[in-house]
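Visitor: This is the structure I want to talk about, given as structure tokens.
Values in this text are rule-based calculations from the coordinates and carry no lab data. Note that the structure is predicted; figures quoted are calculated from it, not measured. A quick note on method: Cβ atoms are made from the backbone with ideal geometry, for glycine too, and the neighbour counts reach across all protein chains shown.
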Amino acid sequence: MRVSFYKFVTLALIGLLALVPALTVSAQDCPPGIGASDCALIAAATGENAAKLTSFVMDFTVDAEASGLQEGNFSLTVKGSGGIDLSKVDPSVTDINEVLPSLIFSVIMDASLTSGTENQSGTVEVRVVDGRVFLRGFDGTDAWQEVPLEMLSGQLGAFGGSTDDLGGVLGNLNNPALADLFGAIQTVYSASDGPTIDGVRTRAITATTDLKPFLQALADPNISEALSQIIPQDDPNTAQLGSFLPLLGAIFEELNVVATQYYGTDGTFRGLKLELNLGVDGQMAAMLTGAPNDISVQFTLDVRLSKLGEPYTVEVPIQ
């Protein structure tokens, strides 16, 4: 079970790393339903003050719970802190081997996992400094280990695709059927006073999206046909995925996402909160897992940023 525990913690870290580019390119048009003063904060944070996001300190929490699973209820809690400095990274460079020498990053996470009757907890830490990557705690010990760059590059490359693949997908998005698919996504925006972060008052800009209509639209034959032009049919795994997509609308009783961004009254981006709630019908769950239970999953990621624009330093761990 220990291996599974560290896989879950690794997923939490990967999710956090995936969030970093979003923080640096978060410019967006002011959404409908948001007042002029809040729009001005968004414009400042994504415009004149965007450069401050090249370095910051972050505190974050991850909470995930699932009930109704055949293996028993599941609960994961992660609390972490760290920082990143991208000020010396060339934004035009995409090769991880060229990015790492200029990147400074560290994060430490305390995590606890309950799955069925088993409980586990531990601490993991990652440091990126001087073009080197160091890990501690992922093998269940407190010893630091250095990860070879070629191994890291291989792991990260497994998550990506070629630009040709991306171009093919984007080209097919002009299909009218897919326009109907994405048109089924309904998002409601709202604004309210947010928490005080790093001594700065914030405004919380919240987008609430119900994805159930989107999933139901996948059953439309025209949309299924359009998706088949995007999903490679020569790969058995992706071809099977294409046949499964139309069923998603019947599987999920509930699927909504609440995304909140915190904008400081000083015109800076100060963090975000992502909440996911989903529910699976018991009869559909029985078909998928053999357990006729209603399945419920809640996931929350909360990130707060401080010391924007200040240099962040990391030391090479003593080995």
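Visitor: At a Cα cut-off below 15 Å, give the aspartates and glutamates reachable from Lys273, other chains included and same-chain residues fewer than 8 away excluded.
Guide: List returned: Asp59, Asp63, Asp193, Asp302.
Visitor: Mind giving me the FRET efficiency for Thr209 and Val147? R0 is 35 Å, r the Cβ-Cβ distance, nearest 0.05 is fine. Before the final figure, lay out each step's value.
Guide: Details: r = 36 Å, r/R0 = 1.04.
That pair, Thr209 with Val147, gives E of 0.45.
Visitor: Kindly provide the pair-distance distribution of segment 38-94 built from C-alpha pairs, with 5 Å bins from 0 and whole-percent values in order of increasing distance.
Guide: With a bin width of 5 Å, the distribution comes to 4, 13, 13, 13, 15, 13, 11, 8, 8, 4, 0.
Visitor: Please work out how much length the chain gains when fully extended from Thr265 to Asp281, using 0.36 nm per residue of separation minus the C-alpha to C-alpha distance, in nm with one decimal.
Guide: Between Thr265 and Asp281, full extension yields 1.4 nm more.
Visitor: By how many nm would the segment from Ser102 to Tyr189 grow when fully extended, if each residue of separation counts as 0.36 nm and the alpha-carbon distance is taken off? Before the final figure, lay out the partial values.
Guide: Numbers: separation 87, 0.36 × 87 = 31.32 nm, distance 3.75 nm.
Value of the extension gain: 27.6 nm.
Visitor: Where does the charge balance sit around Gly264 when Lys and Arg score +1, Asp and Glu -1, over other residues with C-beta under 9 Å from its C-beta?
Guide: It works out to a net charge of +1.
Visitor: For Thr206, what is the net charge nearby, where nearby means another residue's Cβ is under 15 Å from its Cβ and Lys, Arg count +1, Asp, Glu -1?
Guide: Around Thr206, the charge tally is -2.
Visitor: Also, quick follow-up: How far, in nm, would the chain grow between Ala51 and Gln216 when pulled straight, counting 0.36 nm per residue and subtracting the alpha carbon separation? The partial results should precede the final answer.
Guide: Values: separation 165, 0.36 × 165 = 59.40 nm, distance 4.06 nm.
Result for the pair: 55.3 nm of gain on full extension.
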